[in-house]
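Below is one structure, written out as structure tokens, with a few remarks after it.
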Amino acid sequence: MKAPFSPYLDSLVPGLRALTDLLGRSFDYVSVLSTDSVGFKVSISQRSKSVSNANMTTERGTVVRVCRDGRYSEYAFNEIPERIGDLAERILRELERQFALLAKTGTKTYVTPVLADEPLELFVEKETGRLPEQEDMRALVETLTSLSDRGMETIPRALDCLLNTSSTHISKLFLTK
């Protein structure tokens with residue numbers, strides 16, 4: 001089966017396109033990278049059991065990258081407000097504050113040419129056997145507990161037998177003008 005693209009990211013596309021248009025009025029380059037990665041982590045030992053819907057690779061958020069006069073800056077956020085114009089104003093205000101601080105302190109910055117922004121559309125859904133968001137956690141915990149028990153039986157002097165597993169379904173969305 002194909003690992004489906006995030007419905008959450010799909011729902012953001014119109015707003016993020018509007019955001020790139022609004023910020024594009026003030027910057028030479030604007031890009032947006034959004035991610036929605038769901039998954040789990042399970043740790044089983046003789047002494048404890050832990051099940052979580054978060055692991056080191058689960059995340060949800062957006063980063064806007066802009067360039068003006070050869071200087072790049074980024075702004076990250078997790079929530080997208082209903083009014084995209086409010087978000088654009090907040091980002092612009094914060095980035096202008098950063099640019100002003102650099103000027104005030106006389107900080108030298110590297111001037112970098114604007115990134116080439118050639119039209120390209122890419123959409124890929126990879127093959128997978130199972131999706132982490134559809135995993136039967138109860139059955140997985142039972143299997144790992146059984147394996148931990150077998151491990152303890154195999155090595156009589158063992159103090160513990162720890163098993164860990166995790167899985168992540170990663171979706172990313174990158175937009176530019």
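General observations
- From the coordinates shown, Rg and Dmax of the Cα atoms in Å corresponds to which of (i) 16.4, 59; (ii) 28.9, 98; (iii) 22.8, 70: (iii)
- 19 Å reach of a label modelled at GLN46, 7 Å along Cα-to-Cβ, counting backbone N of the stretch 116-160: 142-160
- Spin-label pair LEU140/ASN53, simplified geometry with 7 Å Cα→Cβ offset, distance in nm: 1.3
- Exposed-loop-free span, longest in the chain, where GluC sites (Glu not before Pro) count as exposed if DSSP calls them loop and at most 15 other C-beta atoms lie within 10 Å: 1-78
- Environment charge of GLN46, counting only residues whose C-beta is closer than 14 Å and scoring Lys/Arg +1, Asp/Glu -1: +1
- Within the stretch 1-95, trypsin sites (Lys or Arg not before Pro) in DSSP loop having at most 12 other beta-carbon neighbours inside 10 Å: ARG25, ARG47, ARG83
- For the chain, excluding the exposed loop sites themselves (chymotrypsin sites (Phe, Trp or Tyr not before Pro), DSSP loop, at most 13 other Cβ atoms within 10 Å), the longest remaining stretch covers 1-109.
- Cleavage-rule hits (trypsin sites (Lys or Arg not before Pro)) in the stretch 104-167: DSSP loop, at most 14 neighbouring Cβ within 10 angstrom: LYS108, LYS126, ARG130, ARG157
- In the stretch 76-177, taking the dipole from charged Cβ atoms about the Cα centre, the farthest positive-side position among THR109, LEU175, GLY129 is held by THR109.
- The chain, accessible area per residue, ligands and nucleic acids excluded (1.4 Å, Å²): 68
- Per atom type, the stretch 40-177 shows carbon and sulfur on 52% of its accessible surface, probed at 1.4 Å.
- For the pair TYR110 and ARG157 in one chain, pulling the backbone fully straight at 0.36 nm per residue adds 10.9 nm over the alpha carbon distance.
- Value of [θ]222 nm, deg cm²/dmol, for the chain, DSSP H segments ≥ 4, -39500 (n - 2.57) each, nearest 500: -11000 deg cm²/dmol
The values are calculated or read from the model by the stated rules, or taken from the named source; none is laboratory data. Nothing here was measured: the structure is a model prediction, and the numbers come from that model. As a convention, Cβ positions derive from the backbone with ideal geometry for all residues, glycine included, and neighbour counts pool all protein chains shown. The protein model used for the area step is the full one, side chains on, heavy atoms only, and it has no ligands, DNA or RNA in it. Shrake-Rupley method; radii C 1.70, N 1.55, O 1.52, S 1.80 Å.
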